[in-house]
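Shown next, in structure tokens, is the structure this report addresses.
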Amino acid sequence: MKAGIKMLFFTADTHFYDQKMVDSPQFAKRTFLTVEQMNQTIVNHWNQTVTDNDIVYLLGDVALIASKKAAYQQALSLLKTLAG
């Protein structure tokens, strides 16, 4: 690894913006009232664990969004708040 890099993380299935994660607790044990609350909790936990010197590979099922430019921009804005 390059100098200055502390950790290497691999993760998947964040499902940002996925209403099913909120509406179907039997599918996913996420006990949130809103998608926004779920997204913010994931971001908070991520940033408590990962630093800007770390590398994170987010392998799939990142977000469930509409196929529209505004939705892509919203998801990209959220991803930019993640450390690593």
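Some notes on this structure:
- Amide H contacts for VAL56 (H built 1.01 Å from N in the peptide plane; partners 5 or more residues away or on another chain; cut-off under 5 Å): PHE9.
- Centre separation in Å (Cα based) which lies between the range 43-83 and the range 23-37: 18 Å
- In the chain, the DSSP-assigned H stretches of four residues or longer account for a calculated mean residue ellipticity at 222 nm of -11000 deg cm²/dmol, using -39500 (n - 2.57) per stretch and the full residue count as denominator.
- Pairs of Lys residues in the chain are counted when their Cα atoms are under 28 angstrom apart and they lie 8 or more places apart or on different chains; the count is 9.
- Taking amide H as placed 1.01 Å from N in the peptide plane, the amide H of ALA63 sits under 5 Å from that of HIS15, PHE16, each at least 5 places away or on another chain.
- Note, ³J(HN,Hα) from phi for the range 25-36, Karplus 6.51, -1.76, 1.60, rounded to Hz, x at Gly and Pro: x, 6, 7, 9, 7, 10, 9, 10, 7, 9, 5, 4
- 14 Å reach of a label modelled at ASN47, 7 Å along Cα-to-Cβ, counting backbone N of the range 1-31: none
- Computing Kirkwood radius over Cα pairs in Å directly from the structure and comparing it against (1) 13.8; (2) 18.6; (3) 16.2 singles out (1).
Where a number appears in this text, it was derived from the coordinates with a stated rule and is not lab data. As the structure is a prediction and not an experimental result, all values here were calculated from the model. In this analysis, Cβ positions are derived from the backbone assuming ideal geometry, glycine residues included, and neighbour counts consider all displayed protein chains.
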